[in-house]
Amino acid sequence: MSDNGGRAIFNVFDVVRVSDTPSINPHDKYIVISIREYPSERFRYRLSPLDPTSDLDAVLLDEEGLTGTGERSDASRFDFPGKFLTRDVAMIASDYPDVELAGHECQVDSANVVDGVIETLVWIPDIELMAVVEEDYLTATGRREKPPLPGRIATSTRVSTGGEVLGEVSYVIVDDVESHL
């Protein structure tokens, strides 16, 4: 439970250190990328390593285990290669080799360079599918979806370390990086 009057202590882009988590080096720094509020004003933070070469994925931790550094990051850290931004709307070329995807409108999620080729992760709403498409097969439409609004309700499936599904938990997304990109 938060002792900060029902408000999250940290903000998106704050840089923090983690304590009391054996699998995480307490000297490493992390960026707050999402803030979740659970019932009883309990806040949890999704963190991404500040060091881009880190092997760690994002983690979800309670605020009691975090210490602020006084530093902040910014949205440019989450830029990805290529000509598209997250939420840009594009068209997949009609001559795309995967005929199931060819000619569909899509929304850009992210991109990476693989063997010198920009591969773009897109959501194709018509067929409700996420797919990786080479950027050269995408044409910009000039449109961009609006960022998600803070305060939206989300649900996660709880799974034990042994892989057993324990149920679902709902929470409010107070803020996240996606809203700032």
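Among residues of the stretch 71-93 that are within 16 Å of I31 (Cβ to Cβ) and modelled with pLDDT of 85 or more, those with a Cβ under 7 angstrom from a residue that is part of a strand (DSSP E or B) and aliphatic (A, V, I, L, M), sequence gap 6+ or separate chain, pair up as E71/V15; R72/V15; S73/V15; S73/I31; F80/A111. The set of residues in the stretch 112-126 that are farther than 15 Å from R144 by Cβ, among the hydrophobic types (A, V, I, L, M, F, W, C) and under 15 Å from the mean Cα position of the chain (by Cα) contains only L121. Answer with yes or no whether F43 is assigned to a loop (DSSP other than H, G, I, E, B), modelled with pLDDT of 85 or more and of a type in the set (F, W, Y). No; evaluated as a whole, the condition is false for this residue.
In the stretch 46-60, which residues are part of a loop (DSSP other than H, G, I, E, B), farther than 15 Å from R72 by Cβ and among the hydrophobic types (A, V, I, L, M, F, W, C)? Residues satisfying the conditions are L56, A58. Just to be sure before I move on: is N25 of a type outside the set (D, E, K, R), touching an Asp or Glu at 6+ places or on another chain (Cβ under 9 Å) and not in a strand (DSSP E or B) in the structure I sent? When the stated conditions are applied, N25 does not pass them.
G103 meets the conditions (1) part of a strand (DSSP E or B); (2) free of Cβ contacts under 8 Å to residues at least 40 places away in the same chain; (3) surrounded by fewer than 14 Cβ atoms within 10 Å (Cβ to Cβ); (4) not polar (S, T, N, Q) in every case but one. The failed one is (1).
For the stretch 118-168, filtering for residues that are part of a strand (DSSP E or B), small (G, A, S) and surrounded by fewer than 13 Cβ atoms within 10 Å (Cβ to Cβ) leaves 3. In the stretch 57-70, the residues that are assigned by TED's automatic domain parsing to the domain that holds Y38 and more than 10 Å from V18 (Cβ to Cβ) form Cβ pairs under 6 Å with partners that are among the hydroxyl-bearing types (S, T, Y) and surrounded by 15 or more Cβ atoms within 10 Å (Cβ to Cβ), at six or more places apart or across chains, as follows: A58/S48. Restricted to the stretch 1-22, and to residues there that are closer than 12 Å to G65 by Cα and not in a loop (DSSP other than H, G, I, E, B), the residue that is modelled with the highest pLDDT is V16. Number of residues in the stretch 69-87 that are under 16 Å from the mean Cα position of the chain (by Cα) and not in a loop (DSSP other than H, G, I, E, B): the value is 4.
The values are calculated or read from the model by the stated rules, or taken from the named source; none is laboratory data. Remember, it's a predicted structure, so these values are computed and weren't measured experimentally. Glycine gets a Cβ as well: all are built from the backbone with ideal geometry, and neighbour counts include every protein chain shown.
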